[in-house]
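Have a look at the structure below, then the notes.
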Amino acid sequence: MNPQSDEQILRNCSSEEIGQLQKLASSTTAGIWRIKRAKALLGALQGISPERLMYQVRVPVISIVKCINDFSRLGMAYFDTPARIPTQREAAVERMLALLDNPSSAPSDTSCHLSLRYIGTQFTANQIRLIREMIRNDPNASRNSIARQMCLTFNLYGPNGKPRNASAVDMIKRMIMDNLISIPVRVSRKYIASTPPLKIVLPLLPIKKETSPKSLSLSFVLVQKPEEKALWNAMIYHFHYIPIYKLFGPRLRYLVFAGNHESSGGTGLVSPLAALSFSSSAWRVSCRDDYIGWNDAQRVMNLPLVINNSRFLILPWVKVPNLASAILGTIGRRVGQDWETRYNRRPVLLESFVERNRFRGTCYKAANWLEAGTTVGYSLHGTEKKRQQTTKAVFLRPLQKNFRDILCQPNHG
């Protein structure tokens, strides 16, 4: 069944039902399943697409579409019986909400032991109370302002010694999704709606199929300048099968050119060939974790020493044999030093996920990456069941021979 349009939902939704949805969306006792789906429906009534709502409520697209269809058919009766029992995560959030709203009903030591993880950081009930107090003391504060206070209060600093402000903002967004905290949205007068990168005219040099990677004089540029960021964003948005160009947390982005980009002064007199990036690794991957041999405590401590090749694109008209493996080989020898320079932490293992229904991973194998196994991907982006079950091959490349000794150290700094 195709989802009804927003106008159809609106016609079928009375003002009383809208009020009931708003009450559910702001509740701390209705249960996370109801809370998030009420938020999704209110967003749909405002004309927000399921794809955008996914980022606002962290519910898979397929579940949002089903929610819209079922609510259109059943009305508020849709919320009478949740479609499933709470997940382990949802149950933990519900226990936290109950504790925060009625602390006297819980044992005295619960505040210390009950915690929730947001963006890799554990928060206890007492810490969330402190965040609520920050908001209460300055009701006009922005999310950025609260994030800066959180970094100072909870010692949220990256390995480079700088506050993790961007990560703290993401933590706040997740806490708001779970109704643990509430911060009114402030719209700046200077705010400009986000628009996709413009499709730019890429300067091309004639590249024949018989060209070799060596003859191209490959030039690797660590993206830093605004014009380099704009080019990287545009290439990913328009030519990568995952067009999301915004990366979160620690990250490095690279552009690969044919010719010496530096000697041209960045004037664009060379031809861009590829774009790739590295960012934070996946939280838990069974075959990777088995390959490393670490336990949960070691993984939590040392996961920052594993980084993910999160994007890799060769422009579609570039058909040079062995170019992909040449790029992966070169970047594998360079990225460790670049990451350490920026984040004061030397990674010892690279990971990447290759969708089997799209690629065979041949270039990774040719660049001495190891196929550690497969994983069944769970995607928030999926609009059909099949998309949720995309099988991915997990490729790994050790950057040091003793990477296992380093990653399995419980107290590695």
request  = Pairs to check: K246/K401; K225/K319; K214/K319; K319/K365; K229/K319. Give those whose C-alpha atoms are more than 21 Å from each other in this structure.
outcome  = K246/K401; K225/K319; K229/K319
query = What shape does the stretch 73-181 take by its C-alpha gyration tensor, where a ≥ b ≥ c are the square roots of the eigenvalues and a/c under 1.5 counts as rounded, a/b above b/c as prolate, and the rest as oblate?
reply = prolate
key: Where labels lie 7 Å past Cα in the beta-carbon direction, separation of A230 and S27 in nm   = 4.9
message = For a test of understanding, tell me how many lysine pairs in the stretch 36-174 have Cα atoms under 23 Å apart, given they are 8 or more places apart or on different chains.
response = 5
Highest to lowest packing among 49-55, 39-45, scored as the average C-beta count within 10 Å = 39-45, 49-55
query = Between N179, M150, A125, whose Cα lies farthest towards the positive end of the dipole of the stretch 75-180 when Lys and Arg beta carbons carry +1 and Asp and Glu beta carbons carry -1, centred on the Cα centre?
reply = M150
request  = Have a look at W339, W317, L328 and report the one farthest towards the positive end of the charge dipole of the stretch 288-346, computed about the Cα centre with Cβ charges (Lys/Arg +1, Asp/Glu -1).
outcome  = W317
remark   = Residue span R345 to T87: 0.36 nm per residue of separation minus Cα-Cα distance leaves a gain in nm of 89.4 nm
Sorted peptide list for 233-239, 400-406, criterion being average Cβ within 10 angstrom, highest first = 233-239, 400-406
request  = First check a/c for the stretch 14-88, with a ≥ b ≥ c the square roots of the eigenvalues of its C-alpha gyration tensor; if it is under 1.5, answer rounded, and if not, answer prolate when a/b is larger than b/c or oblate otherwise.
outcome  = rounded
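Values quoted throughout were computed directly from the atomic coordinates according to the rules given, and no laboratory measurement underlies them. Since the structure is predicted, the reported quantities are computational estimates derived from the model, not experimental observations. Here the Cβ is made from the backbone with ideal geometry for all residues, glycine too, and neighbour counts use every protein chain on show.
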